[in-house]
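Data block below; observations after.
The values are calculated or read from the model by the stated rules, or taken from the named source; none is laboratory data. Everything numeric in this text was worked out from a predicted model, so none of it was measured. Note: ideal-geometry Cβ built from the backbone for every residue, glycine included; neighbour counts use all protein chains shown. Ligands, DNA and RNA are excluded from the accessible area calculation, which covers all protein heavy atoms including side chains. Shrake-Rupley method; radii C 1.70, N 1.55, O 1.52, S 1.80 Å.
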Amino acid sequence: MTLNHQLIWKEVRDYLAILLGLVMYSIAFTVFLMPYQIVSGGVTGLSAIIYYATGFHLENTYIIINLILLVVALRILGIKFMMKTIFAIFALYFLLMFAQAIMPTQPNGLPIKVLGEGQDFMSMIIGSVISGISLATVFLNNGSTGGTDIIAASVNKYHNVSLGSVLITVDFCIIGSCMFFPQFGDYIERAHKVMFGLCVMAIENFVLDYVMNARRESVQFMIFTQKWQEIANAIGTEMNHGVTILDGHGWYTGQEMKVLCILAKKRESVYIFRLIKMIDPQAFVSQSAVIGVYGEGFDEMKVKIKQKK
């Protein structure tokens, strides 16, 4: 497969993964959150609040707000990010419309309560977990569902702030707006919706950060072996990984030996262990988790350098 074909296939996989995440999100919102009038954050949550209060279709509010925010995506995130964002926005617009069309409705026009009456809390838990996984799927494939995701991605591009932290701040303001809509009932009922919305926000963003950090988690290997050259060659050529060779000195044996130091993604651990065992089953290996790895091949250092006056 040529380089161009590889790049095209990578883009196709990104779009397919983004579409999968959007399908999951539309299911979570339409099947579990919307029937119980559970509010959430983001532009979708804001659109739902307006829909619950006024009856104006949420997909229409969603597309209007996102068309405005796309200008921000073009200036800050670049045309490549914007193309996937445009795809995600319009795909989610049609998916939300389609999901509401195929779902049987209650007398009030909302989708039926799949879990039954009085299952607001359980429906909120399931919907929040699914939507958190779906958002992580979209972000991990260089996409965005638009709305507040654009704001979060813009901040994350320049600052080492987690996506979940940014979304929590914006979502808190959106969910709190329920208190200003008398259509939700008295202050007790409005406070009830706000509390459920805050629970959705917390669970959704916890799952989002957990999935994304699990994907980025790195480990460090310290390999003590007499066949250090063969192992270093195998890891360097077959995995295209850098290997640092350290000089070691055994206290008990008094012998000099080489120690291999390798930083890798956690998901690569099994393959590294397999290579080591194939070459030297007697090798002594230490594996430890690291908080963060920054630089070539890993995460970017998103800090600002103060300029001296």
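The table for this structure:
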read-out: Spin-label model distance (nm) - F90 vs Y210, 7 Å beyond Cα toward Cβ; value: 3.6
read-out: Longest to shortest principal axis, alpha-carbon extents of region 21-98, angstrom; value: 38, 24, 19
read-out: Estimated inter-spin distance, T253 and E217, nm [label 7 Å along Cα→Cβ]; value: 3.2
read-out: Calculated from backbone phi, Karplus (6.51, -1.76, 1.60) coupling profile of region 36-48 in Hz, x at Gly/Pro; value: 9, 6, 7, 8, 8, x, x, 5, 4, x, 5, 5, 5
read-out: Helix 3-27 axis, angle to the chain major axis (alpha carbon atoms, nearest 10°); value: 40
read-out: Label-point gap, in nm, between I27 and T54 - each point 7 angstrom along Cα→Cβ; value: 3.2
read-out: Efficiency of FRET from Cβ geometry, I291 and A202, R₀ 22 Å, rounded to 0.05; value: 0.40
read-out: Residues with amide H under 5 Å from that of V293, placed H, sequence gap 5 or more; value: D299
read-out: Average accessible surface area per residue within the chain, 1.4 Å rolling probe, Å²; value: 56
read-out: Segment Q37-R267, length gained on full extension (0.36 nm per residue, minus Cα span); value: 78.9 nm
read-out: Cα pair count fraction exceeding 25 Å, expressed as % - the chain; value: 58
read-out: Student exercise, the chain dipole from Lys, Arg, Asp, Glu Cβ charges, in Debye to nearest 20; value: 720
read-out: Between helix 228-238 and the chain: long-axis angle, C-alpha atoms, 0 to 90°, nearest 10; value: 40
read-out: Carbon plus sulfur fraction of accessible area for the chain, probe 1.4 Å, in percent; value: 64
read-out: Degrees between helix 78-102 axis and first principal axis of the chain (Cα, 0 to 90, nearest 10); value: 50
read-out: Efficiency of FRET between V71 and A17 - r from beta-carbon atoms, R0 25 angstrom, step 0.05; value: 0.45
